[in-house]
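Please read the structure below before turning to the comments.
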Amino acid sequence: MEIKIGVQNVGREIVLESAQDAESVAKVVGEAINEGSELRLKDDKGRVIIVPGNALGYVEIGAEEVRRVGFGQF
């Protein structure tokens with residue numbers, strides 16, 4: 001699933017692909033915002049992205065989609 005993170009006073013957004021489900025990402029984001037702690041997310045390649053919770057502008061959580069295999073269109 002694709003996650004986009006907007007940081008205050010920064011022109012570019014952070015975009016990552018994660019295997020986490022939308023519920024767990026939303027929970028972690030909510031905790032970071034409410035507590036002012038850091039937001040830690042891990043992407044598909046094993047990298048850890050850390051953003052201060054008080055610097056978050058927005059977080060867009062993409063829809064979970066099943067990956068299709070093959071060339072046919074169904």
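The values are calculated or read from the model by the stated rules, or taken from the named source; none is laboratory data. Since this is a predicted model, take the numbers as computed values, not measurements. We place every Cβ from the backbone using ideal geometry, glycine too, and count neighbours over all the protein chains shown. Quick note on the areas: whole protein, heavy atoms, side chains included, nothing else; ligands and nucleic acids left out. Shrake-Rupley method; radii C 1.70, N 1.55, O 1.52, S 1.80 Å.
Data table
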{"item": "The chain, accessible surface, carbon-and-sulfur percent (1.4 angstrom probe)", "result": "49 percent"}
{"item": "Among ILE33, ILE5, VAL48 - extreme Cα towards positive end, dipole of the chain, charges at beta-carbon", "result": "VAL48"}
{"item": "Peptide ranges 6-16, 24-34 listed from the most packed, as the mean C-beta count within 10 angstrom indicates", "result": "24-34, 6-16"}
{"item": "Relative compactness, the chain, computed as alpha-carbon Rg over 2.2 N^0.38 Å", "result": "1.23"}
{"item": "Selected from GLY36, GLY57, GLY46 as most flexible by GNM, with the chain as the system and alpha-carbon contacts under 10 Å", "result": "GLY46"}
{"item": "Potential lengthening between SER24 and GLU2 on full extension [0.36 nm per residue; Cα-Cα distance subtracted]", "result": "6.6 nm"}
{"item": "Only Lys, Arg (+1) and Asp, Glu (-1) charged, at Cβ; the chain dipole about Cα centre in debye", "result": "240 debye"}
{"item": "Heavy-atom surface of the chain, accessible at 1.4 Å and reported per residue (Å²)", "result": "76 Å²"}
